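The values are calculated or read from the model by the stated rules, or taken from the named source; none is laboratory data. Keep in mind that what you see is a predicted model, and the values were worked out from it rather than measured. Positions of Cβ are generated from backbone atoms using ideal geometry, with glycine treated the same way; all protein chains shown enter the neighbour counts. What goes into the accessible areas is simple: the full protein's heavy atoms, side chains included, and nothing from ligands, DNA or RNA. Shrake-Rupley method; radii C 1.70, N 1.55, O 1.52, S 1.80 Å.
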Amino acid sequence: MIDFIGDLVNFYLIPGLVLGSIYALGAIGLTMTFGILRFANFAHGETMTLGAYFAWTLVQLTGWHPIAVLPIAMGLTVLVVLGIDRGFYKPFRASPTIMLVIASFGMMLMVRSVVQFIWGVQMKAMVPGIQMPVVLFDWLRISPKHMMIIASVLVLMFAVHYLLTYTKIGKAMRAMSDSPELARLTGINTEAVIRATWIIGAALAAAAGVLLAVDTHVETMMGFKLLLPVFAATILGGIGRPYGAVAGGLVIGMAEELSSYPWIGTEPLLNPGYKAGVAFAIMVAMLIWRPSGLFRGKVY
Amino acid sequence: MPTLELRDVVGGYGDTQILHGVSITVDAGEIVVVIGPNGAGKSTAIKAVFGLLNLTGGQVLLDGEDITNTPPEKVARKGVCYVPQTANIFPSLSVEENLEMGAFVREDDFTPRLHEIYDLFPPLKERRRQAAGTLSGGQRQMVAMGKALMLEPRILLLDEPTAGLSPKFRGEIFSIVKTVHAAGTPILMVEQNAKQALKIADRGYVLVDGRNKFTGTGRELLEDRQIAAMFLGGPTNGAKDKAGDGAA
Ligand SMILES: Nc1ncnc2c1ncn2[C@@H]1O[C@H](COP(=O)(O)OP(=O)(O)OP(=O)(O)O)[C@@H](O)[C@H]1O
Ligand SMILES: [Mg+2]
């Protein structure tokens, strides 16, 4: 019995939690840009990639641990994203949504090309070598990197929660997500809110990229591969709902991992190669039956 | 000098012209009421003040300062507060957060003002941690008005504040309008419950098809035969037409 629970927890639940919390970080930014700027930002995945490459470079330069350089990588990514907003999205502020969506699609391709140009297309290891898991209570095995990832995500989520609940700009972000028109009529500085949205979204996306790279490795397609589960998490949680995004991310991450558990017999229920399909299936199901998501987000 | 003046305002949405020369004046300390049939352009006239449509002619003056086509967030910062007919609260924010957002442009400590608003709308105080979207129609209207009043505005613009409300809430809203006015805030109000509104109005305007049709003191308009026949016929009729409107 302990073996059975041990396997489930060690090889499915903990990886699911790790993956899910990384999705959640990405989804918070995506859901907030969706809610406040009213467009699906396809370049959000590349923001994650960019964060991972910045961190990798910083690790090479300083020899520090990736978590130690994480804040700097987040800061650099934020600067790039603010520059992109100023140059590419701001001119479209009053344009129909579809133009922003397409602009972000173009941005996705451009950022990826620049990353491939600068850093090359080979995979890179963020943390060299293999770490031994820590064994707790004789059966719970958790690797130090997973502990570090979960701890980092918790810190970041508490910071976001504090910001959204207790600060003036955070409340204004929620207000603008509710109704951009009323926010303007109320005299809310909407450009400041947009800037804050990009800063938080980009910082969290960069963190998601770095943490995923700590768990796996750095590669130029990593952000693009994250895009589908992160979109699924956003829709599952409800568009414009940051807490929904967290719940959505965790559900998608867990569902992906648990789908390959041998629930029936000894074979994995679903071949692990189809993991990405789980996120897709959940997203399509939500769009059909409950497009407002778990937390009653916007429906477009 | 009038607090607010619309002078021969011409404009509309995109290429559709809705206002064909509307003039409205609100003097210091006045309650001015705008009435007229559905689609007459009453809401549009208020939106013209707030820079929400492209004006092709005429002027909007705030204490003599030309604010024609000034964007909404700047108009708000000048101390003009507007409660739209619909979608006038942030539903997922708590009552108190809505009021705080109303004070967004204030740099000073607005806590005393918050308490004044709660005194004006006692039901809001009890529900201040509740999401505004979960309140009843009348209470939501209170949130919307309280939010606008957080700024201690130079002038308050109200678009059908009693639409779709029960007679009890309607009376409450009218008495709050009177209280706010008594405290010195001029008010420009569009109302469908014309009889009740004109009773508290210093002056009234009747708009029809985007033009001024009649102007007079509240009493003059109430006693005018033609207007009575056209717009004050049956208050219940008028109320019925508007039922449900603005509740969304
Ligand atoms: N956003 C908009 N875009 C285009 N046309 C609009 C818009 N809003 C209103 N209109 C049109 O402008 C005209 C005047 O509308 P307005 O809302 O000002 O009327 P109203 O007098 O406030 O009527 P009601 O009593 O129904 O509120 C109507 O013909 C309406 O269809
Ligand atoms: Mg109207």
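Taking the protein assembly as shown, how much of its Cα-Cα pair set, in percent, is spaced more than 33 angstrom apart? Show your work: numbers first, answer last.
On the way: 75525 of 149878 pairs.
Counting every Cα pair in the protein assembly as shown, those more than 33 Å apart make up 50 percent.
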* In sequence order, calculated HN-Hα J values of the range A:148-165 (Karplus, 6.51, -1.76, 1.60; Hz; x Gly/Pro) -> 5, 5, 5, 5, 4, 4, 4, 4, 5, 5, 5, 4, 5, 4, 4, 4, 6, 8
* Structure fact -> For chain A, the longest principal axis of the Cα atoms and the Cα long axis of helix A:97-119 enclose an angle in degrees, to the nearest 10, of 50
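If I require 15 Å or longer along the helix axis, counting alpha carbons, and a Kyte-Doolittle average no lower than 0.0, what helices from chain B are left? Use full DSSP H segments.
Values: long enough: B:137-149 (18 Å, -0.09); B:167-182 (22 Å, 0.14).
The qualifying helices are B:167-182.
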* Sequence neighbours fewer than 8 away in the same chain don't count; with that in mind, list the aspartates and glutamates whose C-alpha is under 15 Å from residue B:125. => B:96, B:97, B:100, B:116
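Can you give the relative contact order of the range A:141-221 as a percent, counting alpha carbon pairs under 8 Å and 6+ residues apart?
Numbers: 27 pairs, mean separation 22.1, N = 81.
The normalised contact order for the range A:141-221 reaches 27 percent.
Between residue A:72 and residue A:125, 0.36 nm times their residue separation minus their Cα-Cα distance comes to what?
Working: separation 53, 0.36 × 53 = 19.08 nm, distance 1.88 nm.
Gain in length upon complete extension: 17.2 nm.
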* Against the longest alpha carbon principal axis of chain A, how many degrees, from 0 to 90 and to the nearest 10, is the axis of helix A:222-237 turned? -> 80
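Might you report the magnitude of the Cβ-based charge dipole of the protein assembly as shown about its Cα centre, with Lys and Arg at +1 and Asp and Glu at -1, to the nearest 20 debye?
On the way: 46 positive and 43 negative charges, 66 e Å.
Dipole about the Cα centre, nearest 20: 320 debye.
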* Show which aspartates and glutamates lie in cross-link reach of residue A:145 when reach means a straight Cα distance below 19 angstrom and same-chain residues fewer than eight apart are skipped. => A:7, A:215, A:219, A:257
* To do: Once you've got the GNM for chain B with C-alpha springs shorter than 10 Å, pick whichever of B:68, B:16, B:86 has the biggest mean-square fluctuation.
  => B:16
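Charges only on Cβ, +1 for Lys and Arg, -1 for Asp and Glu: so what's the dipole of chain A about the Cα centre, in debye to the nearest 20?
Details: 19 positive and 13 negative charges, 221 e Å.
Result for chain A is approximately 1060 debye, rounded to the nearest 20.
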* Structure fact -> Along the dipole axis of chain A (charges at Cβ: +1 for Lys and Arg, -1 for Asp and Glu; origin at the Cα centre), the most positive-end residue among A:279, A:180, A:235 is A:180
* Structure fact -> Shape call for chain B, from the Cα gyration tensor axes a ≥ b ≥ c (a/c under 1.5 means rounded, otherwise prolate when a/b beats b/c, else oblate), comes out oblate
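Please give the per residue volume of the convex hull enclosing the alpha carbon atoms of the range B:141-197, rounded to a whole number of Å³. Walk me through the numbers before you get to the answer.
Details: hull volume 4.1 nm³, N = 57.
Roughly 72 Å³ of hull volume per residue.
Which value in deg cm²/dmol, rounded to the nearest 500, describes the helix-derived mean residue ellipticity at 222 nm for chain A, given -39,500 (n - 2.57) per DSSP H run of n ≥ 4 and division by the residue count?
Working: 12 runs with 205 residues, N = 300.
Taken over chain A, the calculation gives -23000 deg cm²/dmol.
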* Charge context of residue A:132, other residues only, Cβ under 15 angstrom, K/R +1, D/E -1 -> +2
* **Packing-based ranking, highest mean first, of A:121-127, A:51-57 given that Cβ atoms within 10 Å are counted** => A:51-57, A:121-127
* For peptides B:98-104, A:84-90, sequence by mean Cβ density within 10 Å, most packed first -> B:98-104, A:84-90
* Structure fact -> For chain A, the charge dipole (Cβ of Lys, Arg +1; Cβ of Asp, Glu -1; about the Cα centre) points to a positive end, and the Cα of A:264, A:162, A:132 closest to that extreme belongs to A:162
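So if I place +1 on the C-beta of Lys and Arg and -1 on the C-beta of Asp and Glu, and nothing else carries charge, what would the dipole magnitude of chain B be about its Cα centre? I want it in debye, nearest 20. Walk me through the numbers on the way to the answer.
Numbers: 27 positive and 30 negative charges, 139 e Å.
With Lys and Arg at +1 and Asp and Glu at -1, about 660 debye.
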* What average count of beta carbons from other chains do you get within 10 Å of the Cβ of residues in A:173-183? -> 5
* Over all residues in B:78-88, what is the mean tally of Cβ atoms on other chains that come within 10 Å of each residue's Cβ? -> 2
* **Rg [Å, one decimal], Dmax [Å, integer] - the range B:77-203, C-alpha atoms** => 13.6, 40
* Dipole of chain B, positive end: most advanced residue of B:161, B:216, B:193 [Cβ charges, Cα centre] -> B:193
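From the square roots a ≥ b ≥ c of the eigenvalues of the alpha-carbon gyration tensor of the range A:102-254, which class results: rounded (a/c under 1.5), prolate (a/b over b/c), or oblate?
Numbers: a/c = 2.37, a/b = 1.42, b/c = 1.67.
Oblate, because a/c is 1.5 or more while a/b does not exceed b/c.
Which whole number gives the average count of other chain Cβ atoms within 10 Å of the Cβ atoms across peptide A:162-172? Walk me through the numbers on the way to the answer.
Details: counts 0, 0, 0, 1, 0, 0, 4, 1, 0, 9, 6.
Mean number of neighbouring Cβ atoms from other chains: 2.
Rounded, prolate or oblate, given the Cα gyration tensor of the range A:190-300, with a/c below 1.5 counting as rounded? Numbers along the way, then the final one.
Working: a/c = 2.68, a/b = 1.36, b/c = 1.98.
The shape class here is oblate.
Taking 21 Å as the cut-off for C-alpha to C-alpha distance, list the pairs among A:90/A:168; B:168/B:195; B:74/B:178 that go past it. Show your work: numbers first, answer last.
Values: A:90/A:168 23 Å; B:168/B:195 16 Å; B:74/B:178 27 Å.
Those over the limit are A:90/A:168; B:74/B:178.
Counting pairs of alpha carbon atoms under 8 Å apart in space and at least six apart in sequence, what relative contact order in percent does the range A:194-255 give?
The value is 21 percent.
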* Counting only heavy atoms of the protein chains, get the accessible area per residue of the range B:47-113 (1.4 Å probe) and round it to a whole Å² value. => 37
* Asked: Counting alpha carbon pairs within less than 8 Å and at least 6 residues apart, what relative contact order, in whole percent, applies to the range B:31-145?
  -> 22
* Once amide H atoms are placed 1.01 Å from N in the peptide plane, what residues at a sequence separation of 5 or more from residue B:155, or on another chain, have their amide H within under 5 Å of its amide H? -> B:81
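When the accessible area of the protein assembly as shown is split by element with a 1.4 Å probe, what percent falls to carbon and sulfur?
Here it works out to 62 percent.
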* Using alpha-carbon positions, what is the distance between the centroids of the range B:1-15 and the range A:31-62, in Å? -> 46
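Suppose accessible area is computed on protein heavy atoms with a 1.4 Å probe; arrange B:115, A:44 from highest to lowest. Show your work: numbers first, answer last.
On the way: B:115 95, A:44 5 Å².
Descending order: B:115, A:44.
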* Between helix A:190-215 and chain A: long-axis angle, C-alpha atoms, 0 to 90°, nearest 10 -> 20
